[in-house]
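This structure is in structure tokens; I'll ask about it shortly.
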Amino acid sequence: MSVGRAASAQPLRLRTETRRWGEEAVKAALALCAFISLATTIGIVAALLQPSIEFFGEVSVVDFFTERRWAPLFEPPSFGVVPLLVGTLSVTLWAAVVCIPFGLGAAIYLSEYARPGTRRTLKPALEVLAGIPTVVYGYFALTFFTPFLQELDLGVGVFNALSAGVVMGVMLLPTVASLSEDAMSAVPRDLREGAYGLGASKLQVSTRIVVPAAVSGIVASYVLALSRAVGETMIVLIAAGGLPQLTLDPREAVQTMTAFIAATGIGDVPTGSIEYKTIFAVGLTLFAITLVMNLLSIRLVRRFREVYE
Amino acid sequence: MSAATAVGVRSRARRGTVRAALFRAFLLLSLAVGFVALGALVADVLWKGIPYLDGILLTEAPSADPDGAGARPAILGTIYLMGMVLLMAVPIGVGTAIYLEEYADRERWYNRLLELNIQNLAAVPSIVYGILGLAFLVRGLGLGRVLLAGAMILTLLVLPIVIVASREAIRAVPDSIRHAAYALGATKWQVVSRQVIPAAIAGIATGSILALARAIGETAPLLLVGALTYVAFDPTPLGAFTALPIQIFQWTARPQEDFKLLAAAAIIVLLAILVTMNAFAIWLRDRYQRRF
Amino acid sequence: MGETPETIVDVRLETVAERRPPLPARAVRDVVFGVSDLTVSYGDAAAIRGVSFDVYRNFVTAIIGPSGSGKSTLIRCFNRLNDLIPGARVEGRVLYHGIDLYAPDVDAVEVRKRIGMVFQKPNPFPKSIYDNVAFGPRVLGMTDALDERVERALRQAALWDEVNHRLRASALSLSGGQQQRLCIARAVATEPDVILMDEPASALDPVATTRIEDLMHDLKRDYSIVIVTHNMQQAARVADMTAFLSVDVSPEGHRTGILVEYDETARIFTHPADGRTQDYVTGRFG
């Protein structure tokens, strides 16, 4: 590099003798950083696939999806994943019962009814709910909500799907509210003003104009929230139980896919054993389900954006 | 207007008002569900936990006796984890953001794949990251169930957050500054490192803090990577470890009522840390937000 | 007033042109840039086509023309700043002291070290005044006697007296005119050979504009200046040579810039050779 004298005072040399190796090295290092995120995905897929392939070498895929008992440690072992799927479904269902209507309601209020000042304070306040760690929600479900349900004399057990599901719904409410509200704000004002001009009430404008216009964004938020519900671990691990029962009765304990993976992972499973491989087989099922849901959600958001942006 | 129509309009209006009022009530109820739950949670945790919030909690190791049990190894574990995550996630995340914004040719397919990939990663369930850690780090690399493995997995988990926030901050730096720097004869890296990153630093810092706040509360991946639920000694980077959310989980799972109260106290500590971090991030953003 | 517009313009520019000292004869002029058959395209559309002319050392060369005639595109060829725009394609030659700037083995970074640029909207870095001026020398490795370099540059930009007591203050706290002079100081701090100015005064008020124009008379002693301006009076006031670019509209409606005339400023404004130049400088269009 030149030292001291101006570049223009030196003999004219516009070519660099060597390529700027420093610049090349920097670019390579940065590309390596970017590659790490790619490597993560590759790693996830590889980590899930390999043991799963081995697993399905020993257990038939048909049995996996049709057997109605999940008891990998029994003699003889039973590898039907259906109870875990039903457990996940049961909890997700109750989460949906909470976050779908109330999430949308909160979004409508924030978007159509609240004054700008109110919205500015309420929206971040709602986000606080989303920032609370899931283990805290699990604690809340087990030590507050379940006893509350038991007071109601409904016959809920200490571990039950209802408690976990409802609390999970509360946790997901801000996700639905936030994304739905974004979708509704993207609806152009003239649509609303046209309707108000015709004498429509706020109720009619919200439900007949805005929500239908924003529907793919709203549905995208539902799909995203439910995908998070399917993948959620701590709330169900703490409050829903560890018993893989094939039941949709919310008062019973169930085990979800995620809770099973966690419970097995905590224990000391010998590497390479069939029990070890169940972690990956169930994990692959879980990953596939959430992947499909996420891709669907992205598709919906993209379609929504095309219309309005 | 005839009398009959007038009556008709008025009664329709009345019905409309009732319906509107009910709807409004439902909307407010929706908001209430969230806030009442939040209030109940905070109140419950404070009520149960404050009596147990004392020096013992912070300085003692857990024990079978709830009166003498503390969360020190867990708190230390969380602090070490956060330190390591910060050291790993920020350089890699910011480096990725710089690559995508300043160096990568958008037209190339592999760069578009990278962007899509980051979007997908943000939505993967956290326990799957735990499975990744279990397969590659604990068993594969033979690291074992150590703090470093936990930190690495948490880094991968929060990386998308750092990347997205850094990209936005970098994008907000106007091109006029870049062009002026290039026109002076600066190389690309000089432009990026001496002008773009310093101008984007507030957004990058805020994003990093938010990523860290997310990492602090994560439990599931750590469970799989081997955070033990009963650790009575202080953690080291290549040794067994535990963390605050794990300790909360362990105490919550115990049948004795006293441990559940201890869990509440530990939750207060965790929430206090989170509130501080988020407040700091918001303050940073407001104070140093540069409007170009 | 009953006089036709062209008469008014002619009289004013003639007076300005006559006050100008005579230029050195063509034979003694040093060529800094030799442009031949330059065509720049973004994607399929050509922004300028077939431009050829010479830029002389220690001259102020103005590029004038209506909007869309490719003036900015042209000036950015001189320091290869068009490289930053994806899809930009350059055909033809731009010789800088005899070396083709667009030869495959020429490093754009080296080119830009010798050629400074001032932009239309003042764009100081969000740093202190000192750090703005010092940035160029620092990245070029000219770190000895940095304080002196900064002072010299700020004096050349006629800004030293106004800021010497607060060099650590943020550059963004200066007024628009001061910021632009800071950008000039920043550009000369690396002791370049040429200064390119892309409409340097168009975002400034008349007082600040006058100061910049006065500056150019001084800077011309040490540097060769190429300035793009849409303000004809400004070109008449500061430029020795003037290039007039106009817009050529193809049958399909594509607009491309072409060089219509290049001559001493006095002649461009008083007896232009081309009818299009005449139309433009008398205000008939553009």
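The values are calculated or read from the model by the stated rules, or taken from the named source; none is laboratory data. What you see is a predicted model; the values in this text were computed from it and never measured. In this analysis, Cβ positions are derived from the backbone assuming ideal geometry, glycine residues included, and neighbour counts consider all displayed protein chains.
Out of all the residues in segment A:156-170, is one or more surrounded by fewer than 16 Cβ atoms within 10 Å (Cβ to Cβ) and either touching a His at 6+ places or on another chain (Cβ under 6 Å) or in the same structural domain as A:Ala259 (by TED's automatic domain parsing) (or both)? Don't jump to the end; show me each part of the working.
Initial filter on segment A:156-170 (surrounded by fewer than 16 Cβ atoms within 10 Å (Cβ to Cβ)): A:158.
If we keep only those that are either touching a His at 6+ places or on another chain (Cβ under 6 Å) or in the same structural domain as A:Ala259 (by TED's automatic domain parsing) (or both) as well, we get A:158.
Yes, that holds for at least one residue.
Let me ask another. Look through A:Tyr109, A:Tyr113, A:Tyr137 and report the one residue that is aromatic (Phe, Trp, Tyr), in contact (Cβ under 8 Å) with a residue 40 or more places away in the chain, within 11 Å of chain B (Cβ to nearest Cβ) and crowded, with 23+ Cβ neighbours inside 10 Å. If you could, list the steps in order and put the result at the bottom.
Values: A:Tyr109 fails: in contact (Cβ under 8 Å) with a residue 40 or more places away in the chain; A:Tyr113 fails: crowded, with 23+ Cβ neighbours inside 10 Å.
Being aromatic (Phe, Trp, Tyr), in contact (Cβ under 8 Å) with a residue 40 or more places away in the chain, within 11 Å of chain B (Cβ to nearest Cβ) and crowded, with 23+ Cβ neighbours inside 10 Å holds for just one of A:Tyr109, A:Tyr113, A:Tyr137, which is A:Tyr137.
Moving on. Name the residue that is surrounded by the fewest Cβ atoms within 10 Å (Cβ to Cβ), counting only residues in segment A:215-241 that are in a loop (DSSP other than H, G, I, E, B) and at the interface with chain B (Cβ under 10 Å from one of its Cβ atoms). Spell out the reasoning first.
Filtering segment A:215-241 for residues in a loop (DSSP other than H, G, I, E, B) gives A:232-233, A:240-241.
Filter again for at the interface with chain B (Cβ under 10 Å from one of its Cβ atoms), leaving A:232-233.
Numbers: A:Glu232: 28, A:Thr233: 30.
The selected residue is A:Glu232.
Whether any residue in segment B:245-257 is part of a loop (DSSP other than H, G, I, E, B), more than 9 Å from chain A (Cβ to nearest Cβ) and in contact with a helix residue (DSSP H, G or I) (Cβ under 9 Å, 6 or more places away or on another chain) is what I want to check.
If we filter segment B:245-257 for residues that are part of a loop (DSSP other than H, G, I, E, B), which is where we start, we get B:254-256.
Filter again for more than 9 Å from chain A (Cβ to nearest Cβ), leaving B:254-256.
Checking the rest, the ones that are also in contact with a helix residue (DSSP H, G or I) (Cβ under 9 Å, 6 or more places away or on another chain) come to B:254.
Yes, there is a match, as at least one residue in segment B:245-257 is part of a loop (DSSP other than H, G, I, E, B), more than 9 Å from chain A (Cβ to nearest Cβ) and in contact with a helix residue (DSSP H, G or I) (Cβ under 9 Å, 6 or more places away or on another chain).
From the list B:Leu114, B:Leu38, B:Leu53, B:Leu87, which one is over 30 Å from B:Leu147 (Cα atoms), at pLDDT 75 or above and in contact with a helix residue (DSSP H, G or I) (Cβ under 9 Å, 6 or more places away or on another chain)?
Details: B:Leu114 fails: over 30 Å from B:Leu147 (Cα atoms); B:Leu53 fails: over 30 Å from B:Leu147 (Cα atoms); B:Leu87 fails: over 30 Å from B:Leu147 (Cα atoms).
Unique residue meeting the criteria: B:Leu38.
Tally the residues that are without any contact (Cβ under 8 Å) to a residue 40 or more places away in the chain and more than 9 Å from chain B (Cβ to nearest Cβ), restricting the search to segment A:279-294.
Adding up the residues that qualify gives 2.
Among the residues of segment B:55-95, which ones are in contact (Cβ under 8 Å) with a residue 60 or more places away in the chain and charged (D, E, K, R)? I'd like the intermediate steps shown before the answer.
First, the residues of segment B:55-95 that are in contact (Cβ under 8 Å) with a residue 60 or more places away in the chain: B:57-58, B:61-63, B:66-67, B:69, B:71-78, B:80-82, B:84-86, B:88-90, B:92-94.
Passing the criteria: B:Asp67, B:Arg72.
Out of segment B:27-48, which residues are buried (at least 18 other Cβ atoms within 10 Å of the Cβ) and either more than 7 Å from every other protein chain (Cβ to nearest Cβ) or among the hydroxyl-bearing types (Ser, Thr, Tyr) (or both)?
If the condition is that a residue be buried (at least 18 other Cβ atoms within 10 Å of the Cβ) and either more than 7 Å from every other protein chain (Cβ to nearest Cβ) or among the hydroxyl-bearing types (Ser, Thr, Tyr) (or both), then B:Ser30, B:Val45, B:Lys48 are the ones that fit.
Matching residues to (1) within 18 Å of C:Arg93 (Cβ to Cβ); (2) at pLDDT 95 or above; (3) small (Gly, Ala, Ser):
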site	(1), (2), (3)
C:Arg29	no, no, no
C:Ser41	yes, no, yes
C:Asp44	no, no, no
C:Gly50	yes, no, yes
C:Phe59	no, no, no
C:Ile64	no, no, no
C:Gly68	no, no, yes
C:Asn79	yes, no, no
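If you check B:Ala172 against the conditions, is it crowded, with 24+ Cβ neighbours inside 10 Å and of a type in the set (Gly, Ala, Ser)? Outline the logic, then answer.
Numbers: crowded, with 24+ Cβ neighbours inside 10 Å: no; of a type in the set (Gly, Ala, Ser): yes.
Criteria not met by B:Ala172.
A further question follows. Among the listed residues B:Val138, B:Val192, which satisfies the condition of being at pLDDT 95 or above, part of a helix (DSSP H, G or I) and not polar (S, T, N, Q)?
Values: B:Val138 fails: at pLDDT 95 or above.
Just a single option satisfies the conditions, and that option is B:Val192.
Consider B:Tyr230 against the criteria (1) more than 24 Å from A:Gly241 (Cβ to Cβ); (2) at pLDDT below 95; (3) more than 10 Å from chain A (Cβ to nearest Cβ): it satisfies all of them except one. Which criterion is unmet?
(1)
So, one more: Out of segment A:249-289, which residues are part of a loop (DSSP other than H, G, I, E, B) and either under 22 Å from the mean Cα position of the chain (by Cα) or not assigned by TED's automatic domain parsing to the domain that holds A:Met168 (or both)? Walk me through how you get there before you give the answer.
The first filter runs over segment A:249-289 and keeps only residues part of a loop (DSSP other than H, G, I, E, B), leaving A:249-256, A:267-273.
Within segment A:249-289, A:Pro250, A:Val254, A:Gln255, A:Thr256 qualify.
Per-residue answers, yes or no, for (1) modelled with pLDDT under 95; (2) over 25 Å from B:Val45 (Cα atoms); (3) away from chain B (no Cβ under 13 Å):
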{"site": "A:Leu129", "(1), (2), (3)": "yes, no, no"}
{"site": "A:Phe148", "(1), (2), (3)": "yes, no, no"}
{"site": "A:Gly155", "(1), (2), (3)": "yes, yes, yes"}
{"site": "A:Ser178", "(1), (2), (3)": "yes, yes, no"}
{"site": "A:Val187", "(1), (2), (3)": "yes, yes, yes"}
{"site": "A:Asp190", "(1), (2), (3)": "yes, yes, yes"}
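Now a separate question. Anything in segment C:86-113 that is facing chain B (nearest Cβ under 10 Å) and not basic (Lys, Arg)? List them, or say none. If you could, list the steps in order and put the result at the bottom.
At the first step, the residues of segment C:86-113 found to be facing chain B (nearest Cβ under 10 Å) are C:86-87, C:107-113.
Of everything in segment C:86-113, those that are facing chain B (nearest Cβ under 10 Å) and not basic (Lys, Arg) turn out to be C:Pro86, C:Gly87, C:Asp107, C:Ala108, C:Val109, C:Glu110, C:Val111.
Does at least one position in segment A:154-172 carry a residue that is free of Cβ contacts under 8 Å to residues at least 40 places away in the same chain, outside any helix (DSSP H, G or I) and farther than 20 Å from B:Leu261 by Cβ?
No: segment A:154-172 contains no residue that is free of Cβ contacts under 8 Å to residues at least 40 places away in the same chain, outside any helix (DSSP H, G or I) and farther than 20 Å from B:Leu261 by Cβ.
Now for a separate question. Would segment A:118-129 turn up any residue that is closer than 18 Å to B:Gly39 by Cβ, among the hydrophobic types (A, V, I, L, M, F, W, C) and outside any helix (DSSP H, G or I)?
no
Can you name the residue in segment A:51-65 that is in a helix (DSSP H, G or I), touching a residue at least 12 places away in the same chain (Cβ under 8 Å) and not aromatic (Phe, Trp, Tyr) and is also farthest from the other protein chains (Cβ to nearest Cβ) among such residues? Break it down stepwise before answering.
Step one: list which residues in segment A:51-65 are in a helix (DSSP H, G or I), which gives A:51-58, A:61-65.
Still in the running and touching a residue at least 12 places away in the same chain (Cβ under 8 Å): A:51-52, A:54-56, A:58, A:63-65.
Remaining after also requiring not aromatic (Phe, Trp, Tyr): A:51-52, A:54, A:58, A:63.
Details: A:Pro51: 7, A:Ser52: 11, A:Glu54: 12, A:Glu58: 18, A:Asp63: 22 Å.
So the residue we want is A:Asp63.
Please go through segment C:201-216 and give me each residue that is in contact (Cβ under 8 Å) with a residue 40 or more places away in the chain, out of contact with any helix residue (DSSP H, G or I) (no Cβ under 6 Å at 6 or more places or on another chain) and either within 13 Å of another protein chain (Cβ to nearest Cβ) or assigned to a helix (DSSP H, G or I) (or both), ordered by number.
C:Ala203, C:Arg211, C:Asp214, C:Leu215
Would you pick out the residues in segment A:25-49 that are surrounded by fewer than 16 Cβ atoms within 10 Å (Cβ to Cβ) and in contact (Cβ under 8 Å) with a residue 40 or more places away in the chain?
Correct list: A:Leu49 only.
Something else now. Out of (1) crowded, with 21+ Cβ neighbours inside 10 Å; (2) in contact (Cβ under 8 Å) with a residue 40 or more places away in the chain; (3) facing another protein chain (nearest Cβ under 7 Å), the odd one out for B:Tyr103 is which?
Single failed check for B:Tyr103: (1).
Return the only residue of C:Ala158, C:Ala134 being at pLDDT 95 or above, of a type in the set (Gly, Ala, Ser) and more than 18 Å from C:Asp193 (Cβ to Cβ).
Numbers: C:Ala158 fails: at pLDDT 95 or above.
That would be C:Ala134, the only listed residue that is at pLDDT 95 or above, of a type in the set (Gly, Ala, Ser) and more than 18 Å from C:Asp193 (Cβ to Cβ).
Conditions (1) within 19 Å of the chain's Cα centre (by Cα); (2) buried (at least 24 other Cβ atoms within 10 Å of the Cβ); (3) within 11 Å of chain A (Cβ to nearest Cβ); (4) closer than 23 Å to A:Leu30 by Cβ, marked per residue:
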| position | (1), (2), (3), (4) |
| --- | --- |
| B:Glu115 | no, no, yes, yes |
| B:Val124 | yes, no, yes, no |
| B:Gly130 | yes, yes, yes, no |
| B:Gly150 | yes, yes, no, no |
| B:Leu156 | yes, yes, yes, yes |
